[in-house]
Amino acid sequence: MGVVNVTPDSFSGDGIHLQPDAAVTEARGMLDRGAALVDVGGESTRPGAAPVSAEEELARVELVIERLYDVPVSIDTSKAVVARRALELGADLVNDVTALRFDEEMAGVIADAGAYVCLMHMRGEPRTMQENPVYDDVVSEVKRFLEERLAYAVSQGIREEYVCLDPGIGFGKTTAHNFELVRRLDELVALGRPILVGFSRKSSLGKLMGDPAATTGTTAASVGAAVAAFDRGATILRVHDVCEHVEALRAAQAVAG
Ligand code: HH2
(Lines give C-alpha, C1' and ligand atoms only; values in the text may rest on other atoms or scores of the structure.)
Protein backbone atom coordinates (compact mmCIF):
# COMPACT_ATOMS: atom_id res chain seq x y z
CA MET A 1 0.00 0.00 0.00
CA GLY A 2 1.63 3.24 -1.18
CA VAL A 3 1.03 6.37 0.92
CA VAL A 4 -0.23 9.45 -0.93
CA ASN A 5 -0.62 12.28 1.56
CA VAL A 6 -2.50 15.28 0.18
CA THR A 7 -1.61 17.39 3.20
CA PRO A 8 0.70 20.31 4.00
CA ASP A 9 1.90 18.82 7.30
CA SER A 10 2.47 15.04 7.20
CA PHE A 11 5.14 13.84 9.61
CA SER A 12 7.18 12.12 6.95
CA GLY A 13 7.67 15.36 5.05
CA ASP A 14 6.14 14.06 1.87
CA GLY A 15 2.89 16.00 2.04
CA ILE A 16 3.79 17.93 -1.03
CA HIS A 17 0.92 16.80 -3.15
CA LEU A 18 -1.55 19.55 -2.40
CA GLN A 19 -1.71 19.90 -6.18
CA PRO A 20 -3.98 17.10 -7.46
CA ASP A 21 -1.76 16.64 -10.54
CA ALA A 22 1.29 15.89 -8.41
CA ALA A 23 -0.64 13.51 -6.15
CA VAL A 24 -2.11 11.59 -9.10
CA THR A 25 1.30 11.31 -10.78
CA GLU A 26 2.83 10.09 -7.52
CA ALA A 27 0.03 7.53 -7.02
CA ARG A 28 0.32 6.14 -10.55
CA GLY A 29 4.10 5.99 -10.18
CA MET A 30 3.70 3.91 -7.01
CA LEU A 31 1.40 1.47 -8.80
CA ASP A 32 3.91 1.22 -11.68
CA ARG A 33 6.64 0.45 -9.15
CA GLY A 34 4.66 -2.46 -7.73
CA ALA A 35 2.20 -1.15 -5.14
CA ALA A 36 -1.05 -3.10 -5.07
CA LEU A 37 -3.06 -0.05 -4.01
CA VAL A 38 -2.60 3.57 -2.95
CA ASP A 39 -3.82 5.12 0.30
CA VAL A 40 -4.97 8.71 -0.27
CA GLY A 41 -5.28 10.93 2.81
CA GLY A 42 -6.19 14.59 3.32
CA GLU A 43 -5.61 14.88 7.08
CA SER A 44 -2.34 14.35 8.93
CA THR A 45 -2.54 12.07 11.97
CA ARG A 46 1.01 12.73 13.14
CA PRO A 47 1.43 13.26 16.91
CA GLY A 48 0.12 16.70 17.81
CA ALA A 49 -1.60 17.28 14.44
CA ALA A 50 -4.52 19.69 14.39
CA PRO A 51 -7.79 18.31 12.98
CA VAL A 52 -9.08 19.62 9.62
CA SER A 53 -12.73 20.17 8.69
CA ALA A 54 -14.57 17.67 6.48
CA GLU A 55 -14.91 20.35 3.78
CA GLU A 56 -11.17 21.00 3.73
CA GLU A 57 -10.32 17.30 3.79
CA LEU A 58 -12.74 16.57 0.97
CA ALA A 59 -11.43 19.48 -1.09
CA ARG A 60 -7.92 18.04 -0.79
CA VAL A 61 -8.70 14.44 -1.81
CA GLU A 62 -11.73 14.62 -4.11
CA LEU A 63 -9.97 15.53 -7.35
CA VAL A 64 -7.23 13.03 -6.68
CA ILE A 65 -9.56 10.09 -6.08
CA GLU A 66 -11.73 11.04 -9.03
CA ARG A 67 -8.73 10.76 -11.31
CA LEU A 68 -7.65 7.42 -9.84
CA TYR A 69 -11.00 5.84 -10.78
CA ASP A 70 -9.32 2.99 -12.66
CA VAL A 71 -6.89 1.75 -9.98
CA PRO A 72 -7.21 0.27 -6.45
CA VAL A 73 -7.57 3.14 -3.98
CA SER A 74 -7.91 3.35 -0.25
CA ILE A 75 -9.20 6.52 1.42
CA ASP A 76 -7.47 7.38 4.71
CA THR A 77 -10.22 9.13 6.65
CA SER A 78 -12.27 8.97 9.84
CA LYS A 79 -15.11 11.07 8.46
CA ALA A 80 -18.21 9.47 6.93
CA VAL A 81 -18.84 12.27 4.41
CA VAL A 82 -15.30 11.96 3.06
CA ALA A 83 -15.54 8.17 2.90
CA ARG A 84 -18.95 8.28 1.18
CA ARG A 85 -17.73 10.62 -1.55
CA ALA A 86 -14.50 8.65 -2.05
CA LEU A 87 -16.46 5.41 -2.40
CA GLU A 88 -18.82 7.07 -4.91
CA LEU A 89 -15.74 8.08 -6.90
CA GLY A 90 -14.49 4.50 -6.96
CA ALA A 91 -12.38 4.00 -3.84
CA ASP A 92 -12.30 0.37 -2.69
CA LEU A 93 -11.23 0.50 0.95
CA VAL A 94 -11.76 2.88 3.88
CA ASN A 95 -8.70 3.18 6.11
CA ASP A 96 -10.09 4.52 9.39
CA VAL A 97 -7.41 5.11 12.04
CA THR A 98 -10.17 5.41 14.66
CA ALA A 99 -11.62 1.99 13.81
CA LEU A 100 -15.15 3.40 13.27
CA ARG A 101 -15.18 5.26 16.61
CA PHE A 102 -14.91 8.88 15.43
CA ASP A 103 -18.01 9.09 13.23
CA GLU A 104 -21.05 7.01 14.08
CA GLU A 105 -22.18 7.05 10.44
CA MET A 106 -18.95 5.54 9.16
CA ALA A 107 -19.85 1.85 9.61
CA GLY A 108 -23.14 2.31 7.73
CA VAL A 109 -21.44 4.10 4.83
CA ILE A 110 -18.95 1.25 4.43
CA ALA A 111 -21.61 -1.46 4.82
CA ASP A 112 -23.95 0.19 2.28
CA ALA A 113 -21.14 0.50 -0.27
CA GLY A 114 -19.95 -3.07 0.29
CA ALA A 115 -16.44 -1.64 0.68
CA TYR A 116 -13.33 -3.00 2.38
CA VAL A 117 -12.22 -1.45 5.67
CA CYS A 118 -9.04 -1.27 7.73
CA LEU A 119 -9.60 -1.02 11.49
CA MET A 120 -6.58 0.42 13.33
CA HIS A 121 -5.72 0.55 17.01
CA MET A 122 -5.05 3.99 18.48
CA ARG A 123 -4.73 4.96 22.14
CA GLY A 124 -6.25 8.43 22.64
CA GLU A 125 -6.26 10.90 19.74
CA PRO A 126 -3.45 12.30 17.57
CA ARG A 127 -3.22 15.57 19.54
CA THR A 128 -2.32 13.79 22.79
CA MET A 129 -1.64 10.13 22.01
CA GLN A 130 2.12 10.19 22.61
CA GLU A 131 1.84 11.59 26.14
CA ASN A 132 3.21 8.73 28.22
CA PRO A 133 1.35 5.71 26.80
CA VAL A 134 1.22 2.87 29.36
CA TYR A 135 -0.05 -0.69 28.87
CA ASP A 136 0.06 -3.79 31.11
CA ASP A 137 0.59 -5.89 27.98
CA VAL A 138 0.43 -3.89 24.77
CA VAL A 139 -0.16 -6.89 22.49
CA SER A 140 -3.05 -8.32 24.54
CA GLU A 141 -4.69 -4.90 24.79
CA VAL A 142 -4.36 -4.17 21.07
CA LYS A 143 -5.65 -7.65 20.27
CA ARG A 144 -8.68 -7.24 22.55
CA PHE A 145 -9.43 -3.86 21.00
CA LEU A 146 -9.20 -5.15 17.40
CA GLU A 147 -11.37 -8.15 18.25
CA GLU A 148 -14.03 -5.85 19.72
CA ARG A 149 -13.92 -3.44 16.73
CA LEU A 150 -14.15 -6.35 14.27
CA ALA A 151 -17.26 -7.62 16.09
CA TYR A 152 -18.72 -4.10 16.00
CA ALA A 153 -18.06 -3.74 12.25
CA VAL A 154 -19.75 -7.06 11.53
CA SER A 155 -22.71 -6.11 13.77
CA GLN A 156 -23.14 -3.00 11.57
CA GLY A 157 -23.39 -5.04 8.37
CA ILE A 158 -19.77 -4.98 7.18
CA ARG A 159 -18.72 -8.39 5.89
CA GLU A 160 -16.02 -9.96 8.01
CA GLU A 161 -14.11 -11.01 4.87
CA TYR A 162 -13.83 -7.31 3.95
CA VAL A 163 -12.04 -6.26 7.15
CA CYS A 164 -8.29 -5.99 7.76
CA LEU A 165 -6.73 -5.07 11.11
CA ASP A 166 -3.78 -2.86 12.04
CA PRO A 167 -1.90 -2.55 15.38
CA GLY A 168 -1.41 1.19 14.72
CA ILE A 169 2.36 1.63 14.91
CA GLY A 170 3.10 4.99 16.59
CA PHE A 171 -0.47 5.71 17.62
CA GLY A 172 -0.24 5.99 21.42
CA LYS A 173 2.80 3.70 21.75
CA THR A 174 6.42 3.97 22.82
CA THR A 175 9.27 2.72 20.64
CA ALA A 176 9.40 -0.47 22.75
CA HIS A 177 5.63 -1.02 22.28
CA ASN A 178 5.94 -0.63 18.50
CA PHE A 179 8.69 -3.23 18.19
CA GLU A 180 6.95 -5.62 20.57
CA LEU A 181 3.78 -5.43 18.47
CA VAL A 182 5.71 -6.55 15.39
CA ARG A 183 7.73 -9.15 17.35
CA ARG A 184 4.47 -10.76 18.56
CA LEU A 185 2.46 -10.11 15.40
CA ASP A 186 1.45 -13.80 15.27
CA GLU A 187 -0.90 -13.08 18.20
CA LEU A 188 -2.78 -10.57 16.03
CA VAL A 189 -2.62 -12.81 12.95
CA ALA A 190 -4.50 -15.35 15.12
CA LEU A 191 -7.58 -13.09 14.90
CA GLY A 192 -8.02 -14.55 11.42
CA ARG A 193 -8.06 -11.34 9.38
CA PRO A 194 -5.29 -9.87 7.19
CA ILE A 195 -2.93 -7.66 9.20
CA LEU A 196 -1.74 -4.28 7.88
CA VAL A 197 1.44 -2.75 9.33
CA GLY A 198 2.51 0.87 8.82
CA PHE A 199 6.04 1.28 10.20
CA SER A 200 7.30 3.32 7.22
CA ARG A 201 9.40 6.34 8.25
CA LYS A 202 7.95 6.35 11.78
CA SER A 203 9.89 8.09 14.53
CA SER A 204 10.58 4.88 16.47
CA LEU A 205 12.96 3.93 13.66
CA GLY A 206 14.91 7.18 14.06
CA LYS A 207 14.92 6.77 17.86
CA LEU A 208 16.26 3.24 17.49
CA MET A 209 19.21 4.67 15.57
CA GLY A 210 20.12 6.81 18.57
CA ASP A 211 18.29 10.11 18.11
CA PRO A 212 15.80 10.47 20.99
CA ALA A 213 14.26 13.55 19.31
CA ALA A 214 13.75 11.86 15.92
CA THR A 215 10.43 12.54 14.20
CA THR A 216 11.05 10.20 11.24
CA GLY A 217 13.04 7.12 10.29
CA THR A 218 15.02 6.24 7.18
CA THR A 219 13.91 4.18 4.21
CA ALA A 220 16.41 1.43 5.09
CA ALA A 221 15.06 1.12 8.64
CA SER A 222 11.49 1.13 7.29
CA VAL A 223 12.31 -1.73 4.92
CA GLY A 224 13.85 -3.73 7.79
CA ALA A 225 10.72 -3.34 9.89
CA ALA A 226 8.46 -4.19 6.93
CA VAL A 227 10.34 -7.40 6.16
CA ALA A 228 10.20 -8.40 9.84
CA ALA A 229 6.46 -7.75 9.86
CA PHE A 230 6.00 -9.74 6.65
CA ASP A 231 7.95 -12.65 8.20
CA ARG A 232 5.54 -12.64 11.14
CA GLY A 233 2.42 -12.70 8.99
CA ALA A 234 1.62 -9.13 7.89
CA THR A 235 -0.04 -9.14 4.47
CA ILE A 236 -0.37 -5.40 3.76
CA LEU A 237 2.54 -3.00 4.32
CA ARG A 238 1.73 0.71 4.25
CA VAL A 239 4.84 2.44 2.84
CA HIS A 240 6.17 5.68 1.38
CA ASP A 241 9.09 4.22 -0.60
CA VAL A 242 7.38 1.69 -2.80
CA CYS A 243 10.23 0.47 -5.00
CA GLU A 244 12.54 -0.39 -2.08
CA HIS A 245 9.79 -2.19 -0.19
CA VAL A 246 8.55 -4.14 -3.21
CA GLU A 247 12.06 -5.41 -3.98
CA ALA A 248 12.82 -6.30 -0.36
CA LEU A 249 9.48 -8.02 0.13
CA ARG A 250 9.83 -9.91 -3.12
CA ALA A 251 13.16 -11.27 -1.90
CA ALA A 252 11.73 -12.09 1.54
CA GLN A 253 8.80 -13.83 -0.11
CA ALA A 254 11.14 -15.91 -2.28
CA VAL A 255 12.99 -17.04 0.85
CA ALA A 256 9.69 -17.89 2.55
CA GLY A 257 8.70 -19.92 -0.50
N1 HH2 B 1 -0.09 5.74 9.75
C2 HH2 B 1 -0.30 7.00 9.37
C3 HH2 B 1 -1.51 7.34 8.72
N4 HH2 B 1 -2.46 6.43 8.48
N5 HH2 B 1 -3.20 4.19 8.58
C6 HH2 B 1 -3.01 2.92 8.96
N7 HH2 B 1 -3.95 1.97 8.71
N8 HH2 B 1 -1.86 2.52 9.60
C9 HH2 B 1 -0.86 3.40 9.89
O10 HH2 B 1 0.15 2.98 10.50
C11 HH2 B 1 -1.04 4.77 9.50
C12 HH2 B 1 -2.26 5.13 8.84
C13 HH2 B 1 0.73 8.03 9.58
O14 HH2 B 1 1.60 8.11 8.49
P15 HH2 B 1 1.50 9.20 7.31
O16 HH2 B 1 0.22 9.06 6.56
O17 HH2 B 1 2.70 9.09 6.47
O18 HH2 B 1 1.58 10.58 8.04
P19 HH2 B 1 0.47 11.66 8.39
O20 HH2 B 1 -0.62 11.00 9.17
O21 HH2 B 1 1.23 12.69 9.19
O22 HH2 B 1 -0.07 12.22 7.10
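Here is how the numbers come out for the structure above:
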{"read-out": "Three-way shape call for region 174-257 based on the alpha-carbon gyration tensor, with the a/c threshold at 1.5", "value": "oblate"}
{"read-out": "Carbon/sulfur fraction of accessible area - the chain, other protein chains in place, 1.4 Å, %", "value": "51 percent"}
{"read-out": "Kirkwood-based Rg to Rh ratio, region 1-124, C-alpha trace", "value": "0.93"}
{"read-out": "Per residue solvent-accessible surface (Å²) - the chain, probe of 1.4 Å", "value": "44 Å²"}
{"read-out": "Average projection area in nm² (convex hull over Cα atoms of the chain, one quarter of hull surface)", "value": "12.4 nm²"}
{"read-out": "Three-way shape call for region 108-182 based on the alpha-carbon gyration tensor, with the a/c threshold at 1.5", "value": "prolate"}
{"read-out": "Qualifying lysines (Cα of each under 23 Å from Cα of Lys143; at least 8 residues distant if same chain)", "value": "Lys173, Lys202"}
{"read-out": "Highest average packing first - 199-208, 175-184, Cβ atoms within 10 Å", "value": "199-208, 175-184"}
{"read-out": "By average C-beta atoms within 10 angstrom, highest first, the peptides 152-158, 63-69, 50-56", "value": "63-69, 152-158, 50-56"}
{"read-out": "Sum of -39500 (n - 2.57) over DSSP H runs of 4+, divided by residues of the chain (222 nm, nearest 500)", "value": "-12500 deg cm²/dmol"}
{"read-out": "Region 204-257-region 87-111 distance, computed between alpha-carbon centres (Å)", "value": "27 Å"}
{"read-out": "Rg/Rh for region 60-167, where both radii come from Cα atoms and Rh is the Kirkwood radius", "value": "1.00"}
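The values are calculated or read from the model by the stated rules, or taken from the named source; none is laboratory data. Keep in mind that this is a model prediction, so the values were computed, not measured. Virtual Cβ from ideal backbone geometry, glycine too; neighbours counted across all protein chains shown. Heavy atoms of the whole protein, side chains included, go into the accessibility calculation; ligands, DNA and RNA do not. Shrake-Rupley method; radii C 1.70, N 1.55, O 1.52, S 1.80 Å.
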